[in-house]
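The values are calculated or read from the model by the stated rules, or taken from the named source; none is laboratory data. Note that the coordinates shown come from a computational prediction; the quantities given were computed from them, not determined experimentally. Here the Cβ positions follow ideal geometry from the backbone for every residue, glycine too, while neighbour counts run over all protein chains shown.
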């Protein structure tokens, strides 16, 4: 079937785990990172990174959606009619996202309340869609699954890397566990003072614009450390 | 009418989809290298938001609501239907423009497919549901939101065109700087937070 | 090229499968969702009396929350004239709510004051009796709501808990997150020394009368004003009921 947008099968299906397969997982962690290199899926990265806990939940959700969307699309890649390709991909993603939403609502209601709209926005998270179009439509299910896993994890890592400075400097805690500074300016008793008690929480870090700046700085660090990514234009 | 104007101004400036909610950031950052391309994408966003918002409103209140056509609560199908509407509207708009205005199609054409995955569109529809707007309000919200997004992407593109001549550290050049500029613009927009256009005008 | 017929069949089968999967998942998980939502609500109500319970509500298990709720809380529905509302009337006017805790406050918010039906939770802890009332209002972006526990004089706050739909994290969201700020409410009265209704007010720029004023939240003026309005109008709705209770 020449019309199924098949790029070219990399190799005939074999379930080996060699160098190429390893690269499928490790590349998105560094050289082709979804956020800092491909600039995909920024929106949800900004809103949920106020706390490490929310970021973890979001990261797991994205890994799940990426993994299964890639696998399912790859399984169906020869049957999907080209004319309705985009809509079919979106339906697959939207279904998985709804599954995640319903499951989260059942197992962790509190996170569900906090993440509400942003779970839905995974649908338009361009990494998922981008990987389906660029990889899963042209590769076998096993490799597509690895690719989805790699990209999901690469995305999740950056989420957590952004969330750590934001929660630590903004709320003085990590995973809701108090680390530095006072609990608040309305101190009730001295037992609530932790390490570096003089530190006053910087509320600016919790606000969304600061997430943009934190990501900007992460990109700076990433590129200084991996100079081949530097934008020469 | 005044109420609709309020919603328009509020969604364009105070609750700006790009700089207050940070929606549609992927294309916002990717397509804002020059003002010309930013202009094309911005127009396309106004177009699609203005069209999909009322359609999604109808879908939500006629098909999905508990007192709607089917008489049961079908809101768990909301994501799928909204995104399907957006995807098909984008395709439809693309075909219509291609047919009637080839020159507009040439300048807009390549940006249209990008819009399907622009979360400002889906986000806008979801906000519309949570704000419980009525039909005409949702039109005003769609157009205002699109207009605000348009202004924001033009503004950042203009800044990026100028900053190219500045001595930015090499690893920060391009993308890194774009993120930081957007962050600063967002902070500036926070100054508008909480203004009630009804009280001002 | 796939034939048009193939495309239609493909889309049809896919739609059917997806709809089936989601519908069965939705119906299958609905009881758990409802239970979670009810427990979330119960935790919010108990949060207003967490000092009296001497426990951190967050660390309590679901079963504990349910047990405390069952053994120490009596719930009643009242109207704004101070009369108790029968469960039949409540079910009719509040979309089939069986217990007062099922009243949807954001729906009540939209009704006229005279038609509102509001929940009251009476919390008994040993000899002490507290009345927990539910309030709702608007913050900067969206709705804010809360539960206020009153001492047996029906006007002094014994504990409080707020929540919000979409306030700005770090600014307006502090009404929920900032425990120290919320603690200021404890011991404040809705009336001043001469018995005039003052509500409890978060003041920008310093407290003048500590009997009913508390410090405002930096950078969250509009949310704080929303809280003030919510407290003032929310208590007012319960005022006649609370007065009757005080007499009896």
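Summary of computed values
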{"read-out": "Conditions (1) surrounded by 19 or more Cβ atoms within 10 Å (Cβ to Cβ); (2) within 12 Å of chain A (Cβ to nearest Cβ); (3) touching a residue at least 24 places away in the same chain (Cβ under 8 Å); number of the one not met by residue B:80", "value": "(3)"}
{"read-out": "Residue check, residue C:99 out of contact with any helix residue (DSSP H, G or I) (no Cβ under 7 Å at 6 or more places or on another chain), surrounded by fewer than 20 Cβ atoms within 10 Å (Cβ to Cβ) and under 30 Å from residue C:168 (Cβ atoms)", "value": "no"}
{"read-out": "Scope region C:104-139; condition within 14 Å of chain B (Cβ to nearest Cβ) and buried (at least 21 other Cβ atoms within 10 Å of the Cβ); matching residues", "value": "C:139"}
{"read-out": "Residue check for residue B:90: touching a helix residue (DSSP H, G or I) at 6+ places or on another chain (Cβ under 7 Å), without any contact (Cβ under 8 Å) to a residue 60 or more places away in the chain and crowded, with 23+ Cβ neighbours inside 10 Å", "value": "yes"}
{"read-out": "Whichever residue in region B:19-48 is facing chain A (nearest Cβ under 10 Å) and closer than 25 Å to residue B:92 by Cα and, among such residues, is surrounded by the fewest Cβ atoms within 10 Å (Cβ to Cβ)", "value": "B:30"}
{"read-out": "Within region C:91-120, considering residues that are part of a helix (DSSP H, G or I) and touching a strand residue (DSSP E or B) at 6+ places or on another chain (Cβ under 7 Å), the one nearest to residue C:34 (Cα to Cα)", "value": "C:101"}
{"read-out": "Tally, over region C:173-185, of residues that are touching a helix residue (DSSP H, G or I) at 6+ places or on another chain (Cβ under 7 Å) and at pLDDT 85 or above", "value": "2"}
{"read-out": "Test result for residue B:84, farther than 26 Å from residue A:119 by Cα and in a helix (DSSP H, G or I)", "value": "no"}
{"read-out": "Qualifying positions in region A:40-99 - facing chain B (nearest Cβ under 8 Å) and outside any helix (DSSP H, G or I)", "value": "A:40, A:41"}
{"read-out": "Top-ranked residue in region B:153-167 [being part of a loop (DSSP other than H, G, I, E, B) and more than 10 Å from chain A (Cβ to nearest Cβ); ranked as farthest from residue B:39 (Cα to Cα)]", "value": "B:167"}
{"read-out": "Test: residue in region C:188-198 that is in contact with a helix residue (DSSP H, G or I) (Cβ under 9 Å, 6 or more places away or on another chain) and over 24 Å from residue C:153 (Cα atoms)", "value": "no"}
{"read-out": "Matching residues in region C:194-248 - criterion: being surrounded by 15 or more Cβ atoms within 10 Å (Cβ to Cβ), in a loop (DSSP other than H, G, I, E, B) and within 14 Å of chain B (Cβ to nearest Cβ)", "value": "C:217, C:219, C:220"}
{"read-out": "Whichever residue in region C:61-81 is assigned to a loop (DSSP other than H, G, I, E, B) and over 19 Å from the mean Cα position of the chain (by Cα) and, among such residues, is farthest from residue C:129 (Cα to Cα)", "value": "C:61"}
{"read-out": "Candidates B:185, B:177, B:95, filtered to the one that is more than 20 Å from the chain's Cα centre (by Cα), within 14 Å of chain A (Cβ to nearest Cβ), in a helix (DSSP H, G or I) and surrounded by fewer than 21 Cβ atoms within 10 Å (Cβ to Cβ)", "value": "B:95"}
{"read-out": "Failed item, numbered, when residue C:19 is tested on (1) touching a helix residue (DSSP H, G or I) at 6+ places or on another chain (Cβ under 8 Å); (2) at the interface with chain A (Cβ under 10 Å from one of its Cβ atoms); (3) modelled with pLDDT of 90 or more", "value": "(3)"}
{"read-out": "Flag for residue C:38 being in contact with a strand residue (DSSP E or B) (Cβ under 6 Å, 6 or more places away or on another chain) and within 20 Å of residue C:136 (Cβ to Cβ)", "value": "no"}
{"read-out": "Residues located in region A:132-159, provided they are within 13 Å of the chain's Cα centre (by Cα) and farther than 12 Å from residue A:35 by Cα", "value": "A:148, A:149, A:150"}
{"read-out": "Residue count for region A:203-231, restricted to those that are over 23 Å from residue A:34 (Cα atoms) and modelled with pLDDT under 80", "value": "1"}
